[in-house]
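Each remark here refers to the structure printed beneath this line.
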Amino acid sequence: MGNPDVRPKDATPGKARALRSQMLDPADAVRLARQAQALSDATRVNLLLLIREARTVCVSDLCVITEREQSGISRHLRILYDAGLVSRRRLDLWVLYETTDAGKRLLSRTGFDGDRFSWFPI
């Protein structure tokens, strides 16, 4: 462990136990890290905001809106899906995306919970 001589004076064993009890369990920490990593890209942040505002949207609409290629949008959506921030379902030939409750909570906690995109046409 660490050298006790460099320990801050107020880091008592009782305080350390209290702080340790506030740590996330490993599975929750991994999930939160994946979600944070998914939002580390500006395109994915915008996609998540757009999907939340549209409620349900297909990949082709997201390509038109963002003016990006389908392959790139699909790759970003896969990362958001794997992080649990969006859900998807197939309807005939289309794959439709929706923001999950976890995605909505994460956006809310980052300050994007208002009518930021009230102009969104879909």
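The values are calculated or read from the model by the stated rules, or taken from the named source; none is laboratory data. Since this is a predicted model, take the numbers as computed values, not measurements. Glycine also receives a Cβ, built like all others from the backbone with ideal geometry; neighbour counts cover every protein chain displayed. Accessible surface is based on the protein model in full, side chains and every heavy atom, while ligands, DNA and RNA are left aside. Shrake-Rupley method; radii C 1.70, N 1.55, O 1.52, S 1.80 Å.
Counting only protein heavy atoms and using a 1.4 Å probe, what share of the accessible area of the range 58-107 belongs to carbon plus sulfur, as a whole percent? Before the final figure, lay out the partial values.
Numbers: 1490 of 3040 Å².
The nonpolar share, carbon plus sulfur, comes to 49 percent.
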Legend entry - Nonlocal amide H pairs with residue 95, under 5 Å, H built at 1.01 Å: 59
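Place the peptides 77-87, 23-33 in order of packing, highest mean first, counting for every residue the other Cβ atoms within 10 Å and averaging per peptide. Spell out each step's value before the answer.
Values: 77-87: 19.6, 23-33: 10.6.
Ranking the peptides 77-87, 23-33 by packing returns 77-87, 23-33.
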Legend entry - Spin-label pair residue 63/residue 17, simplified geometry with 7 Å Cα→Cβ offset, distance in nm: 6.0
